[in-house]
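First comes the structure, then the notes that go with it.
Values in this text are rule-based calculations from the coordinates and carry no lab data. Being a predicted model, the structure only gives us computed values, none of them experimental. When we count neighbours, we look across all protein chains shown, and the Cβ atoms used for this are built from the backbone with ideal geometry, even at glycine.
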Amino acid sequence: MVKRTLADFQVSDAPNHFGAATMRVHGKEETGAEHYWVGLSTILPNGGASWDYEENPFEKFYFVIEGEISVTDKDGNEYIVGQDEAISFAPFEGRSLINKTKKPVRMLVVFNYPKEA
């Protein structure tokens, strides 16, 4: 059993993110997890993440704790994900994110680790 608090989380510089603070909450390095990692992201107004993950084999899950985030898929479809809502992505499914509101967005982010051969 591993208990961690906000003071334990380290802010990381997530690739392709802007106007965002990301923190690893649970994962191999943080808690010894073998199957998935969990992050807490705060995205400021006009912040987000550019197109990414199209070549990534991970399943991804975002749960919005506070605020609202705009998620765009490869076909240009926009999904507005608000407080207490979630969006998930299959392996190799890309996305971009933007906070189009005037308030920060806080969301829980979950990725699986790839299965080792």
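Considering the chain as a Gaussian network with a 10 Å cut-off on Cα pairs, which listed residue, 56, 46, 77, attains the greatest mean-square fluctuation?
Among 56, 46, 77, the largest GNM mean-square fluctuation belongs to 77.
For 108, 40, 6, 97, what ranking results if the residue with the fewest other Cβ atoms within 10 Å of its Cβ goes first?
The fewest-first ordering by Cβ neighbours comes to 6, 108, 40, 97.
Take every Cα pair under 8 Å in the chain that's 6+ residues apart, average their separations, divide by the length, and report that relative contact order as a whole percent.
Working: 274 pairs, mean separation 35.0, N = 117.
Relative contact order here is 30 percent.
Can you compute the equivalent ellipsoid semi-axes for the chain, i.e. the square root of 5 times each eigenvalue of the Cα gyration tensor, sorted largest first and rounded to whole Å? Could you put the intermediate results ahead of the total?
Working: eigenvalues 101, 68, 28 Å².
Semi-axis lengths for the chain are 22, 18, 12 Å.
Which of 80, 98, 43 comes first, and how do the rest follow, when ranked by fewest Cβ neighbours within 10 Å?
Numbers: 80 13, 98 20, 43 25.
So the ranking, lowest neighbour count to highest, is 80, 98, 43.
Taking the Cβ-Cβ separation of residue 90 and residue 33 as r and a Förster radius of 25 Å, what is the calculated FRET efficiency to the nearest 0.05? Let's see the in-between values first.
Values: r = 21 Å, r/R0 = 0.85.
Rounded to the nearest 0.05, the efficiency is 0.75.
Expected output is a single nm value to one decimal: the length gained when fully extending between residue 6 and residue 78, i.e. 0.36 nm times separation in residues minus the C-alpha distance. What is it? Before the final figure, lay out the partial values.
Details: separation 72, 0.36 × 72 = 25.92 nm, distance 3.15 nm.
This chain segment gains 22.8 nm when fully extended.
Once you charge only the Cβ atoms, +1 for Lys and Arg and -1 for Asp and Glu, what is the size of the charge dipole of the stretch 1-83 about its Cα centre, to the nearest 20 debye?
On the way: 6 positive and 14 negative charges, 77 e Å.
Computed charge dipole of the stretch 1-83: roughly 360 debye.
Using Cβ contacts closer than 10 Å as the measure, can you line up 35, 17 from fewest to most? Walk me through the numbers on the way to the answer.
Details: 35 8, 17 18.
Neighbour counts put them in this order, fewest first: 35, 17.
Among 42, 22, 101, which one shows the highest mean-square fluctuation when the chain is modelled as a Gaussian network with alpha-carbon springs under 10 Å?
101
Taking residue 100 as the anchor, which lysines have their alpha carbon closer than 25 Å to its alpha carbon, excluding any fewer than eight residues away along the same chain?
60, 74
So which residue, out of 33, 86, 20, gets the largest mean-square fluctuation from a GNM of the chain using Cα contacts under 10 Å as springs?
So, out of 33, 86, 20, the one fluctuating most is 33.
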